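Q: This is the structure I have questions about; it appears just below.
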Amino acid sequence: MICLAAAGRRSHGVRVLVLNGPNLDQLGRREPSVYGQQTLPEIEQALHATAEALGLELRCVQSNHEGALIEALHGATDCDGIVINPAGYGHTSVALRDALLIADRPTVEVHLSNLARREPFRHRTLTADVAVGTISGLGAHGYHLALHALKSLLAPATPH
Ligand code: DQA
(Lines give C-alpha, C1' and ligand atoms only; values in the text may rest on other atoms or scores of the structure.)
Protein backbone atom coordinates (compact mmCIF):
# COMPACT_ATOMS: atom_id res chain seq x y z
CA MET A 1 0.00 0.00 0.00
CA ILE A 2 1.40 3.41 -0.98
CA CYS A 3 2.18 5.72 1.91
CA LEU A 4 -0.01 8.78 1.32
CA ALA A 5 2.12 10.95 3.59
CA ALA A 6 5.13 10.17 1.42
CA ALA A 7 3.00 10.69 -1.69
CA GLY A 8 2.49 14.28 -0.55
CA ARG A 9 6.26 14.75 -0.84
CA ARG A 10 6.62 13.30 -4.35
CA SER A 11 8.82 15.29 -6.71
CA HIS A 12 6.51 15.00 -9.75
CA GLY A 13 2.78 15.63 -10.07
CA VAL A 14 0.29 12.91 -9.28
CA ARG A 15 0.78 10.44 -12.12
CA VAL A 16 -1.77 7.83 -13.14
CA LEU A 17 -1.34 4.85 -15.47
CA VAL A 18 -4.48 4.14 -17.50
CA LEU A 19 -4.11 0.56 -18.72
CA ASN A 20 -6.49 -1.00 -21.22
CA GLY A 21 -6.46 -4.66 -22.10
CA PRO A 22 -7.21 -6.76 -25.17
CA ASN A 23 -9.72 -5.76 -27.83
CA LEU A 24 -10.27 -2.32 -26.34
CA ASP A 25 -8.30 -0.90 -29.28
CA GLN A 26 -11.34 -2.00 -31.32
CA LEU A 27 -13.82 0.21 -29.43
CA GLY A 28 -16.10 2.05 -31.79
CA ARG A 29 -16.51 -0.97 -34.06
CA ARG A 30 -16.60 -3.63 -31.33
CA GLU A 31 -20.19 -4.47 -30.30
CA PRO A 32 -21.19 -0.79 -30.05
CA SER A 33 -24.49 -1.69 -28.37
CA VAL A 34 -22.42 -3.12 -25.48
CA TYR A 35 -19.33 -0.91 -25.46
CA GLY A 36 -20.49 2.33 -27.04
CA GLN A 37 -19.51 4.29 -30.16
CA GLN A 38 -16.39 6.03 -28.87
CA THR A 39 -12.97 4.85 -29.99
CA LEU A 40 -10.17 4.39 -27.47
CA PRO A 41 -8.23 7.43 -28.79
CA GLU A 42 -11.38 9.52 -28.30
CA ILE A 43 -11.80 8.21 -24.76
CA GLU A 44 -8.13 8.83 -23.96
CA GLN A 45 -8.29 12.37 -25.36
CA ALA A 46 -11.25 13.17 -23.11
CA LEU A 47 -9.43 11.57 -20.17
CA HIS A 48 -6.44 13.84 -20.72
CA ALA A 49 -8.78 16.84 -20.43
CA THR A 50 -10.25 15.50 -17.16
CA ALA A 51 -6.76 14.74 -15.86
CA GLU A 52 -5.60 18.26 -16.64
CA ALA A 53 -8.59 19.72 -14.80
CA LEU A 54 -7.78 17.51 -11.81
CA GLY A 55 -4.06 18.26 -11.94
CA LEU A 56 -3.13 14.66 -12.77
CA GLU A 57 -0.51 13.42 -15.22
CA LEU A 58 -1.69 10.50 -17.36
CA ARG A 59 0.10 7.67 -19.08
CA CYS A 60 -2.25 5.71 -21.33
CA VAL A 61 -1.27 2.22 -22.47
CA GLN A 62 -3.30 -0.37 -24.36
CA SER A 63 -2.18 -3.81 -25.39
CA ASN A 64 -3.69 -7.01 -26.71
CA HIS A 65 -0.82 -8.95 -25.15
CA GLU A 66 -0.82 -10.19 -21.59
CA GLY A 67 2.96 -9.85 -21.21
CA ALA A 68 2.93 -6.24 -22.45
CA LEU A 69 0.23 -5.36 -19.90
CA ILE A 70 2.28 -7.02 -17.16
CA GLU A 71 5.39 -5.11 -18.23
CA ALA A 72 3.45 -1.83 -18.23
CA LEU A 73 2.53 -2.59 -14.61
CA HIS A 74 6.17 -3.44 -13.78
CA GLY A 75 7.11 -0.07 -15.27
CA ALA A 76 4.56 1.81 -13.19
CA THR A 77 7.07 2.47 -10.40
CA ASP A 78 6.92 6.17 -11.36
CA CYS A 79 3.10 6.23 -11.17
CA ASP A 80 1.05 6.92 -8.07
CA GLY A 81 -2.17 5.22 -9.08
CA ILE A 82 -3.61 2.94 -11.73
CA VAL A 83 -6.86 2.79 -13.69
CA ILE A 84 -7.21 -0.60 -15.35
CA ASN A 85 -9.71 -2.12 -17.69
CA PRO A 86 -8.24 -5.61 -17.84
CA ALA A 87 -10.91 -6.60 -20.38
CA GLY A 88 -11.01 -10.38 -20.99
CA TYR A 89 -7.79 -10.94 -19.02
CA GLY A 90 -9.54 -9.79 -15.87
CA HIS A 91 -11.52 -13.02 -15.96
CA THR A 92 -8.57 -15.30 -16.64
CA SER A 93 -5.15 -13.88 -15.78
CA VAL A 94 -3.55 -14.77 -12.48
CA ALA A 95 -0.37 -13.21 -13.89
CA LEU A 96 -2.05 -9.83 -14.40
CA ARG A 97 -3.40 -9.97 -10.86
CA ASP A 98 0.10 -10.80 -9.60
CA ALA A 99 1.53 -7.82 -11.51
CA LEU A 100 -1.04 -5.50 -9.92
CA LEU A 101 0.09 -6.77 -6.52
CA ILE A 102 3.72 -6.07 -7.49
CA ALA A 103 2.82 -2.56 -8.72
CA ASP A 104 1.26 -1.94 -5.31
CA ARG A 105 -0.50 1.27 -6.27
CA PRO A 106 -4.07 2.32 -5.50
CA THR A 107 -6.01 0.88 -8.43
CA VAL A 108 -9.51 1.46 -9.78
CA GLU A 109 -10.87 -1.24 -12.08
CA VAL A 110 -13.17 -0.04 -14.84
CA HIS A 111 -15.50 -1.97 -17.13
CA LEU A 112 -17.53 -0.23 -19.78
CA SER A 113 -20.33 -2.78 -19.58
CA ASN A 114 -22.23 -3.92 -16.51
CA LEU A 115 -20.57 -7.26 -15.78
CA ALA A 116 -23.39 -8.31 -13.44
CA ARG A 117 -25.86 -8.17 -16.33
CA ARG A 118 -23.73 -10.30 -18.62
CA GLU A 119 -22.73 -13.96 -18.96
CA PRO A 120 -21.85 -15.69 -15.68
CA PHE A 121 -18.18 -16.05 -16.70
CA ARG A 122 -17.93 -12.24 -16.69
CA HIS A 123 -19.38 -11.79 -13.20
CA ARG A 124 -16.06 -12.25 -11.45
CA THR A 125 -12.62 -10.82 -12.14
CA LEU A 126 -9.37 -12.05 -10.60
CA THR A 127 -8.25 -8.44 -10.28
CA ALA A 128 -11.22 -6.85 -8.50
CA ASP A 129 -10.13 -7.58 -4.94
CA VAL A 130 -6.69 -6.09 -5.62
CA ALA A 131 -8.37 -2.82 -6.67
CA VAL A 132 -9.62 -0.18 -4.27
CA GLY A 133 -12.92 -0.36 -6.13
CA THR A 134 -14.57 -1.25 -9.40
CA ILE A 135 -16.75 0.85 -11.71
CA SER A 136 -18.81 -1.25 -14.10
CA GLY A 137 -21.60 -0.40 -16.50
CA LEU A 138 -21.21 3.37 -16.85
CA GLY A 139 -19.47 3.29 -20.21
CA ALA A 140 -16.52 5.59 -20.80
CA HIS A 141 -17.74 7.80 -17.95
CA GLY A 142 -16.38 5.13 -15.62
CA TYR A 143 -12.79 6.08 -16.52
CA HIS A 144 -13.46 9.72 -15.60
CA LEU A 145 -15.00 8.68 -12.28
CA ALA A 146 -11.94 6.53 -11.65
CA LEU A 147 -9.66 9.56 -12.13
CA HIS A 148 -11.77 11.56 -9.67
CA ALA A 149 -11.54 8.71 -7.16
CA LEU A 150 -7.74 8.48 -7.52
CA LYS A 151 -7.41 12.23 -7.23
CA SER A 152 -9.12 12.21 -3.86
CA LEU A 153 -7.18 9.12 -2.73
CA LEU A 154 -3.77 10.42 -3.81
CA ALA A 155 -4.03 14.17 -3.31
CA PRO A 156 -6.69 14.73 -0.69
CA ALA A 157 -7.74 18.38 -0.32
CA THR A 158 -5.49 20.03 2.21
CA PRO A 159 -7.27 21.80 5.10
CA HIS A 160 -7.02 25.63 5.03
C1 DQA B 1 -14.96 -5.34 -20.47
C2 DQA B 1 -15.79 -6.55 -20.06
C3 DQA B 1 -15.05 -7.86 -20.29
O4 DQA B 1 -15.86 -8.95 -19.90
C5 DQA B 1 -14.72 -8.00 -21.77
O6 DQA B 1 -13.96 -9.17 -21.97
C7 DQA B 1 -14.03 -6.80 -22.31
C8 DQA B 1 -14.49 -5.47 -21.91
C9 DQA B 1 -15.74 -4.02 -20.33
O10 DQA B 1 -15.11 -2.97 -20.39
O11 DQA B 1 -16.96 -4.04 -20.19
O12 DQA B 1 -13.15 -6.91 -23.16
O13 DQA B 1 -13.82 -5.25 -19.62
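Q: If you count only protein heavy atoms with a 1.4 Å probe, what accessible area per residue comes out for the chain, rounded to a whole Å²?
A: Each residue of the chain exposes 50 Å² on average to a 1.4 Å probe.
Q: In nm, what is the difference between 0.36 nm times the number of residues separating Ala95 and Arg118 and their Cα-Cα distance?
A: Value of the extension gain: 5.9 nm.
Q: Which whole number in µm²/s is D for the chain by Stokes-Einstein, with the Kirkwood Rh taken over Cα pairs at 37 °C and 0.692 mPa s?
A: 208
Q: Once neighbouring chains are kept in place and the probe is 1.4 Å, which whole percent of the accessible area of the chain is contributed by carbon and sulfur?
A: Carbon with sulfur: 54 percent of the solvent-accessible area.
Q: Where does the charge balance sit around Leu115 when Lys and Arg score +1, Asp and Glu -1, over other residues with C-beta under 11 Å from its C-beta?
A: Cβ neighbours under 11 Å give a net charge of +2.
Q: Per-residue ellipticity at 222 nm for the chain, helices alone: DSSP H runs ≥ 4 residues times -39500 (n - 2.57), over residue total, nearest 500 deg cm²/dmol?
A: Result for the chain: -10500 deg cm²/dmol, rounded to the nearest 500.
Q: Per 0.36 nm of contour for each residue apart, how much would the distance between Val34 and Glu71 grow if the chain were fully extended, relative to their Cα-Cα spacing?
A: 10.4 nm
Q: State the extension gain, in nm to one decimal, for the chain segment bounded by His141 and Arg59, taking 0.36 nm per residue of separation less the distance between their alpha-carbons.
A: Contour length minus Cα-Cα distance gives 27.7 nm.
Q: With every atom except the alpha carbons ignored, what do you get for Rg and Dmax of segment 22-64, in angstroms?
A: For segment 22-64, the Cα radius of gyration and maximum Cα-Cα distance read 11.7, 33 Å.
Q: Counting Lys and Arg as +1 and Asp and Glu as -1, each charge on the Cβ, what is the dipole of the chain about the Cα centre in debye, to the nearest 20?
A: Dipole size: approximately 280 debye.
The values are calculated or read from the model by the stated rules, or taken from the named source; none is laboratory data. As the structure is a prediction and not an experimental result, all values here were calculated from the model. Please note: Cβ atoms are built from the backbone with ideal geometry, for glycine as well, and neighbour counts cover all protein chains shown. Note: accessible area is taken over every heavy atom of the protein model, side chains too, but ligands, DNA and RNA are not part of it. Shrake-Rupley method; radii C 1.70, N 1.55, O 1.52, S 1.80 Å.
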